[in-house]
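What follows is a set of notes on a single structure, which appears directly below.
The values are calculated or read from the model by the stated rules, or taken from the named source; none is laboratory data. Everything quoted here is computed from the prediction, not taken from an experiment. When we count neighbours, we look across all protein chains shown, and the Cβ atoms used for this are built from the backbone with ideal geometry, even at glycine. Surface accessibility is based on the protein's heavy atoms, side chains included, excluding ligands, DNA and RNA. Shrake-Rupley method; radii C 1.70, N 1.55, O 1.52, S 1.80 Å.
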Amino acid sequence: MTDTRRILTIFGTRPEAIKMFPLVHALEADSRLESRVCVSGQHRGMLDQVLEVSGITPHHDLDLMQPDQTLDSLTARLLTGLGQVMDAEQPDWVVVQGDTATAMAGAMAAYYRKIPVAHVEAGLRSGNIHHPWPEEVNRKIIGTIAALHCAPTETSAAALRRENVDPSTIHVTGNTVIDALHWITARIRQQPELARGLSELEARFASKRIIGVTSHRRENFGDGMQGIASAIRRLAARSDVAVIFPVHLNPNVGRVMQAELGGLDNVALIEPLDYPHFARLIDISTLMLTDSGGVQEEAPALGKPVLVMRETTERPEGVEAGTARLVGTDADRIIAETNRLLDDGESYAAMARAHNPFGDGHSSARIVDLLAG
Ligand code: UD1
Ligand code: UDP
């Protein structure tokens, strides 16, 4: 290894970009390390929203998204493309985040070249390879390959130890999503106009309680997504409620949501929000309904109750802290749990307390030290 270690950071989707930008900022600021960034472009528009807000210009952009891409063709394109970038860059470390196809293929391509892999957000496990799908297997593959495991919490570190990962390679760093949240909150404080794009909707729904919604999980396509859509339609029949739902660009999501919810007065189906506006949406919402991973971490940090429309979670910390509750995708259950929060002040107050089990906002600095050490 040369004196200045070359770190190749790889990401491709919206959540990876949000959780990697604080690390890229920290790598760029550290003279012990040379930062190189490769984006796969697995997401195009939603990735670019994050690159723009965070001011990151990647050194490589594979631009490989295709409409309604399948997992196998996506993975094949990722392996070849990322391998070529590694051959050109010859990094000392490859850093991947989370559990997407980009992260899994990045780890595999590095392994084929015997380049050590650092895994950010290591050790999340639902214990069910079909929920979330295919993320549970992606993260297990990365966990098998990685030489450095940056676990967000003690729970995730323990999951890795149970899989016989060498304990000396596991470090509890916190989740960089909290670094991202702190950074964006500070930016909005300096420049409030960054998050003012919702003001028309805020005025339209001024007399209502807002429910913020996101949904995109592949394992929910079909019955699950139909259940979610029908729950939202029935909840929107309440005159005191409005729903703001930035719809994920996966066409399998938009199709169902437009058919079920398009044209309802108090449901705003909108384009994906950039990060400052999504932080604002959490802020103005009474509660969040989501199947997202990242939102399960952000809502507790901001003290917003979050009902998780999934059968399992790899993030039990929010549930244990009392800010998150697993409600599945059955419409009746989603409606009952939401109505309880809306109508029972005590239940609401019990969930609406800020907890930060996921980090203290200094995770990136810890990871940089580990990479430099
Ligand atoms: C991916 C990740 C998932 C992650 C999610 C975050 C995998 C296998 N899945 O799922 O783990 O939780 O991102 O959002 O890695 N699309 C666009 N523009 C975009 C983004 C997506 O048009 O900016 C459309 C395209 O038609 C694309 C489709 O959405 O083919 C699916 O994208 P893909 O990344 O394959 O899957 P996601 O469901 O987004
Ligand atoms: N997010 C965003 N705009 C939106 C919806 C979500 O910026 O319209 C952010 C959200 O704050 C979180 C991340 O995207 O940090 C979650 O991404 P997603 O739900 O797509 O993926 P997951 O976390 O489930 O992998």
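Taken along the Cα-to-beta-carbon direction at a fixed 7 Å, the label points for Val137 and Glu52 span 3.6 nm. Surface exposure of the chain, expressed per residue as accessible area with a 1.4 Å probe, stands at 40 Å². Protection proxy ranking for 162-168, 101-107, using the average of other Cβ atoms within 10 Å per residue and placing the highest first: 101-107, 162-168.
Once the C-beta distance of Ala88 and Gln258 is scaled by a Förster radius of 41 Å, the resulting FRET efficiency is 0.45 to the nearest 0.05. A P(r) calculated from all alpha carbon pairs of region 1-123, with 5 Å bins opening at zero, reads 2, 12, 24, 26, 21, 11, 3, 1, 0 percent.
Mind ordering 140-148, 118-126, 67-75 by average Cβ neighbours within 10 Å, highest first? Intermediate values should be presented prior to the final figure.
Numbers: 140-148: 18.9, 118-126: 25.6, 67-75: 12.1.
Output ranking for 140-148, 118-126, 67-75: 118-126, 140-148, 67-75.
Return the inverse of the average 1/r over all pairs of distinct C-alpha atoms in region 17-81, which is the Kirkwood hydrodynamic radius, in Å to one decimal.
On the way: mean 1/r = 0.0776 Å⁻¹.
Evaluated on region 17-81, it is 12.9 Å.
The convex hull built on the alpha-carbon positions of region 227-293 has an orientation-averaged projected area of 4.7 nm². Less than 12 Å from a label point 7 Å out along the Cα-to-Cβ axis of Ser239: which backbone N atoms in region 337-355 qualify, by residue? From region 337-355, the list is empty.
When a 1.4 Å probe is rolled over the protein heavy atoms, the share of accessible surface on the chain that falls to carbon and sulfur comes to 50 percent. For Lys19, the aspartates and glutamates whose Cα comes closer than 13 Å to its Cα, not counting residues fewer than 8 places off in the same chain, are Asp99, Glu121, Asp179, Glu297, Glu298.
Cross-link partners of Lys208 among lysines, defined as those whose alpha carbon lies under 29 angstrom from its own and excluding same-chain residues fewer than eight positions apart: Lys304. Taking amide H as placed 1.01 Å from N in the peptide plane, Arg6 has its amide H under 5 Å from the amide H of Glu34, Asp92, Trp93, each at least 5 places away in sequence or on another chain.
Give me the accessible area of Trp133, 1.4 Å probe, in Å² rounded to the nearest 10. It works out to around 100 Å².
Distance between the pseudo-spin-label points of His182 and Ala206 (7 Å out from Cα toward the beta carbon): 3.6 nm. Placing dummy labels 7 Å off each Cα toward the beta-carbon, the span from Gln66 to Ala350 is 5.0 nm.
State the extension gain, in nm to one decimal, for the chain segment bounded by Asn339 and Asp283, taking 0.36 nm per residue of separation less the distance between their alpha-carbons. Please list the in-between numbers first.
Values: separation 56, 0.36 × 56 = 20.16 nm, distance 1.98 nm.
Between Asn339 and Asp283, full extension yields 18.2 nm more.
By the helix-only formula, in which each DSSP H run with n ≥ 4 contributes -39500 (n - 2.57) and the sum is divided by residues, the chain has a 222 nm mean residue ellipticity of -14500 deg cm²/dmol. Of the Cα atoms belonging to the chain, the radius of gyration and Dmax stand at 20.1, 64 Å.
Ordering of 251-260, 267-276 by packing is 267-276, 251-260, highest average first (other Cβ atoms within 10 Å, averaged per residue). Largest mean-square fluctuation among Pro357, Pro316, Pro58, in a Gaussian network model of the chain whose springs join Cα atoms under 10 Å apart, belongs to Pro58. Remark on Gly303: its backbone amide H falls under 5 Å from those of His355, a criterion applied only to residues 5 or more positions apart or on other chains, H modelled at 1.01 Å from N.
Under a 5 Å amide H cut-off, with hydrogens placed 1.01 Å from N, Leu326 pairs with Val308 among residues at least 5 apart or on other chains. Cross-link partners among lysines for Lys114, C-alpha distance below 22 Å, same-chain residues fewer than 8 apart left out? Partners found: Lys140.
Karplus-derived 3J(HN,Hα) values for region 226-238, using 6.51 cos²θ - 1.76 cosθ + 1.60 with θ = phi - 60°, are 5, x, 4, 4, 5, 4, 5, 4, 6, 5, 6, 6, 6 Hz; glycine and proline are entered as x.
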